[in-house]
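> Let me begin by handing over the structure; questions about it come next.
Taken together, the values in this text are just the output of simple stated rules run on the coordinates, not laboratory data. Note that this is a predicted model, so its numbers are computed, not measured. Every residue, glycine as well, gets a Cβ built from its backbone with ideal geometry; the counts of neighbours run over all protein chains shown.
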Amino acid sequence: MVRRAAMHSRAAMHRPGVRLLVLCSLVFLLLVTLSGCWDVAEIDHRAFITSVGVDMAGDDKVEVIARSPIPRSVAGGGTMGGGGGGGPTFVLYSAKGSTVAQAMGALGEVTDKSIDLGHLREIIIGEELARRGVGQILDDIFRTSLADATAIILVSKGKARDLMGISPPVEVFPVAYVERYLHKDGLDVATSARVEVWNAYSMAWTPSRELFLPRIIGFRGKPPKGGQGGGGGDGGGQGGAKTPQSPKSQDRLVISGFGIFRDNKLVGWLERNDATAFVWTMGLGKGGYVVVDISDKVPGKKATIMMTYVRVAKRVRKEGDNYRISLAFKVTGNLQGTEGTHLVVKGRRGHEIHKLIKERTEKKIELMVKSMIHKLQRDLKTDAVSFGELVRRAYPREWSAKAWDDIFPGVKVDVKVSASITELNVLH
Amino acid sequence: MDRGQLHKGQLTSWQMFWLLTIGTTSTVVFVSPSDAYQILGYGGWQLILTSFIISILATLLAVKLGRRFGGSTYVGCSRQALGPTLGFIASGLLASWYTFAAAADSFLLARAMKVSLLIETPLEAIFAVGVLSVIYAVWIGVERFAMFAEVSLLVLIPLIVFLVTSPLKWVEVGNLAPVFTFPIRAYRSPGFWLAAFMLRVHAFLYMLYPSFVNQRKAATISLGAIALAGAFFAVTFAYPVMIFGMPVAKILLWPFWATIRVTRFSGFPVEKLLYFATVAWQVMGTISTSLLVYCASVCLAEMFHLKDYRVSLIMLIPVIIILTVAPRSYTDFHSYWVRAYYLLGWIATIIVPAITLLVAVVSGRRGNSGA
């Protein structure tokens, strides 16, 4: 009977009409089940969260502040002054919980829309919370498949909450501003770097590395006297027709410097030259400016060099029981200005000045790097430059995460810089 | 029994090569790198090497059996070598492994689809579509879905090259160091040897051997498939470590999948690489699951002397569905299902066939047209 049934079914299957029916049924089923529109999750029923700020709320709770764009504000007007059509371009939600995951879940209680993390591009961790530890936050965010692992993660000076309503007037949505800030490949920013969620997670959970995050600082625009100007001073990117009177009269977000962590807890900041030296040492960027003093040879003069190429080779070796790290920098820069001192007009004089600038640049970079490392070894006592990883690779049997905490501050570091000043622009 | 009706399709060497390669790399790639990290850490490449050697030996065993018994499937070989009862049990074990492996593949595929693309669609709905696709592929016969596998290469090869090259900018080769660590203790653990059942090319050969157009080339083609699958496994082992570092790679659920999660193309039509990866994996997974279900159906059909494997296919589907939905969580799956898959694989596709060949050699039994 089974055989007869099988033969019958085979014969039936070979009929073109039956096969077409099977195919159509399959396509229909695919349409119904794989279209992604399960349970009427329409696009206008969703709150697309683009940014999240996380702060401490009391002693043992965290607060999540989420920013969600208002699409009609874009459709309704232009892009000037942080708001299309004069209305707010985004809305803020906040919720509290014992963990970030719980607080994120609680966001659904404060809006009629479904919370959608598929467009999450920016996470800002407040300073106080960062000092208590970010391991749990990173785990909560990285673990969820809904969130984008390539979202940027930053640490704020002060509370993250204070930044969430700030809207720089050049972009409709603040998240676009931060994205572009960290995406540009120019040579003018060498004090910060893009760190993504997965990056931060790897650093946080690798014993031979320490976490660092770019620092973000927000400035709320202050309306000038007389009520003129001030673009986007109020949260949500209000009004764009007024002309700003000064930089301080408009909302600003500055991403500069790094928050440095030890055991996933914020212990301090690297700023300005230290941040630039950190960027170069970690191979995070190539730009930045170095100003060298040549006043002993050319009275009252300084030379400015824009770095166009920075590469560092790192080596570790043992001297007795101690580790010694060598950093060999190879840098190339363009001369941007010498306050009227022309270099190679004729003869030896120009050549000497050129050589002097090169040597001073090398010395300056060496000092910058040493100062940054000194700060990490002595003040912050954390291996944010991942020298531990170098030691682990070279001496895997000897390396121990626990011992390294005590060893790192005493590690000798040699810095050698080889600079080339290649371009003089249009003046000698 | 009329074998011709069961094995209607004949597979060219090229089709067979790709069926074996895709069937081996499609879904186990999710699980195997994790085992390598957890058992051997930085020396995990030794597990890949060991499984490579085991797979070569097992493949030679499968080819030897096929040749000795005149191009029969394993059901015919074991029946002739071990007798009807023991042969039935040996074939039953193999059919069980195919069924179990198909369920494990379906489980992984449905979860990968849900996690990466269809987050709000119930798992059962995704799974139902997968089952229908597999039924259709098996129903039309191995020859037809081998053609589908052949055509799908036009999509798969560029996608896989794209997937492997795209996260290159994050790669830090130094993360793989120290490469030359030999944790001898790991070799003594059952986990190591269980996980060494990684490349399953030989398992398909037991049932597909009669379908080869040129059976003389079976060994060469299979070894080629093992080499390609082994190379792919090596990539899936090394990549996550080079990107995340070993400590993090160890704790990732699907390490290679996670490397795809970290790549994004600003302004690209499809920004996330994950969508490409999902398409590639679903195509490969459907082919490999279909192959496993086909092998199981043919095996059962031969065991019960059915004239058409589609009857056993219809009976098999509910079993696969039950096995697929049985693990209530991924922890269950990883703790029990994967180990059972390895253990049954060792017994059904290596140990028992080796005994079968040994008995055949000792007793001098061979097929009618055996070499």
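> Measure out, as a whole number of angstrom, how far apart the alpha-carbon centroids of segment A:120-165 and segment B:134-207 sit.
Between the Cα centre of segment A:120-165 and that of segment B:134-207, the gap is 36 Å.
> Hey, another quick one. May I ask you to order B:117-125, B:36-44, A:162-170, A:401-409 by the average number of other C-beta atoms within 10 Å around their residues, highest value first?
Sorting B:117-125, B:36-44, A:162-170, A:401-409 by mean packing, highest first, produces A:162-170, B:36-44, B:117-125, A:401-409.
> Please report, in whole Å, how far the alpha carbons of segment B:13-363 spread along each principal axis, starting with the longest.
60, 45, 39
> To the nearest 20 Debye, how big is the dipole of segment B:13-363 about its Cα centre, given +1 on the beta carbon of each Lys and Arg and -1 on that of each Asp and Glu?
Computed charge dipole of segment B:13-363: roughly 500 debye.
> Right, here's the next one. Give the relative contact order (percent, whole number) for segment A:282-423; include only Cα pairs under 8 Å separated by 6+ residues.
That works out to 29 percent.
> Now for a separate question. On a straight-distance basis, which lysines could pair with residue B:250 in a cross-link, Cα separation under 27 angstrom, same-chain partners fewer than 8 positions away excluded?
Result set, ordered by chain and number: A:265, A:314, A:402, B:114, B:169, B:272.
> Continuing with the same structure: Tell me, what does the Kirkwood hydrodynamic radius of the protein assembly as shown come to in angstroms if you use every pair of distinct C-alpha atoms?
Hydrodynamic radius (Kirkwood, Cα pairs) of the protein assembly as shown is 30.2 Å.
> Would you mind calculating the relative contact order of chain B from Cα pairs under 8 angstrom and at least 6 residues apart, reporting the percent as a whole number?
The value is 40 percent.
> For residue A:91, enumerate residues with amide H under 5 Å from its amide H, sequence gap 5+ or separate chain, H modeled in the peptide plane.
Here A:68, A:70 satisfy the definition.
> Work out the mean other chain Cβ neighbour count within 10 Å for the residues of A:144-152 and drop it here as an integer.
Across A:144-152, the average partner-chain Cβ count within 10 Å equals 4.
> Same structure, new question: Taking H as built 1.01 Å from N, whose amide H comes closer than 5 Å to the amide H of residue B:197, not counting residues under 5 places away?
Correct list: empty.
> I've got another one for you. Given DSSP loops and a limit of at most 14 other Cβ atoms within 10 Å, what is the longest stretch of chain B that contains no such trypsin sites (Lys or Arg not before Pro)? Present the calculation step by step, with values, prior to reporting the outcome.
Details: sites that count: B:8, B:188, B:328.
Formally, the longest exposed-site-free interval is B:9-187.
> Suppose a student asked you for the relative contact order of segment B:274-371, using Cα pairs under 8 Å spaced at least 6 residues apart; what percent would you report? Numbers along the way, then the final one.
Details: 21 pairs, mean separation 11.8, N = 98.
Taking the mean separation of contacting Cα pairs over the length of segment B:274-371, I get 12 percent.
> May I ask you to order A:324-331, A:410-417, A:281-288 by the average number of other C-beta atoms within 10 Å around their residues, highest value first?
The peptides rank, most packed first, as A:281-288, A:324-331, A:410-417.
> A further question on this structure: Amide H of residue A:114: which non-local residues (sequence gap of 5 or more, or other chain) have their own amide H closer than 5 Å, using H built in the peptide plane?
A:46, A:47
> What nm distance separates the two modelled labels at residue B:148 and residue A:374, each placed 7 Å from Cα along Cα→Cβ?
With each label point 7 Å from Cα toward Cβ, the separation is 7.0 nm.
> Suppose the chain between residue B:13 and residue B:165 were pulled fully straight at 0.36 nm per residue; how much longer would it get relative to their current alpha carbon spacing?
Stretched out fully, the residue B:13 to residue B:165 stretch lengthens by 51.8 nm.
> Expected output is a single nm value to one decimal: the length gained when fully extending between residue A:293 and residue A:352, i.e. 0.36 nm times separation in residues minus the C-alpha distance. What is it?
Result for the pair: 19.8 nm of gain on full extension.
> Shifting gears a bit: Tell me, what ³J(HN,Hα) does each residue in segment A:309-316 have, in order and in whole Hz, if you take phi through Karplus 6.51 cos²θ - 1.76 cosθ + 1.60 with θ = phi - 60° and put x for Gly and Pro?
7, 9, 9, 10, 9, 10, 9, 10
> Go through A:399, A:290, A:108 and say which Cα lies farthest out towards the positive end of the charge dipole of the protein assembly as shown; charges sit on Cβ, +1 for Lys and Arg, -1 for Asp and Glu.
A:399
> Give me P(r) over segment A:282-423, computed from all C-alpha to C-alpha distances, binned every 5 Å, as integer percentages.
Taking all Cα pairs of segment A:282-423, the binned fractions are 2, 9, 17, 18, 14, 12, 10, 8, 6, 3, 1, 0 percent.
> Run the reach check for residue A:248 against lysines, Cα to Cα strictly under 29 Å, same-chain hits fewer than 8 apart removed. What comes back?
A:157, A:159, A:184, A:222, A:225
> Can you list the HN-Hα couplings for segment B:342-357, worked out from phi with the Karplus curve (6.51, -1.76, 1.60; θ = phi - 60°), rounded to whole Hz and with x for Gly and Pro?
Computed from phi, the couplings for segment B:342-357 are 5, 4, 5, x, 4, 5, 6, 10, 10, 5, 5, x, 5, 5, 4, 5 Hz.
> Please compute, for peptide A:197-209, the average count of beta-carbon atoms on other protein chains lying within 10 Å of each residue's beta-carbon.
Taking all residues of A:197-209 together, the mean is 4.
> Taking beta carbons within 10 Å but only from partner chains, what does the mean come to for residues B:243-250?
Per residue, the number of nearby Cβ atoms from other chains is 5 on average.
> Taking the highest mean first, how do the peptides A:200-208, A:307-315 order by number of other beta carbon atoms within 10 angstrom per residue? List each step's numbers first, then the result.
Numbers: A:200-208: 21.9, A:307-315: 16.1.
Most protected by this proxy first, the peptides run A:200-208, A:307-315.
> If R₀ is 35 angstrom, what is the calculated FRET efficiency for the pair residue B:358 and residue B:180, using the beta carbon separation as r and rounding to 0.05?
It comes to 0.40.
> Take residue A:406 and residue A:393, extend 7 Å from each Cα along the Cα→Cβ direction, and tell me the distance between the two endpoints in nm.
2.7
> Using θ = phi - 60° and the Karplus form 6.51 cos²θ - 1.76 cosθ + 1.60, what ³J(HN,Hα) does each residue of segment B:86-97 get, whole Hz, x for Gly and Pro?
Per residue, the Karplus-derived 3J(HN,Hα) values read 5, x, 5, 5, 4, 5, x, 4, 5, 4, 5, 5 Hz.
> In nanometres, what is the gap between the two model label sites at residue B:305 and residue A:60, each 7 Å from Cα along Cα-to-Cβ?
7.3
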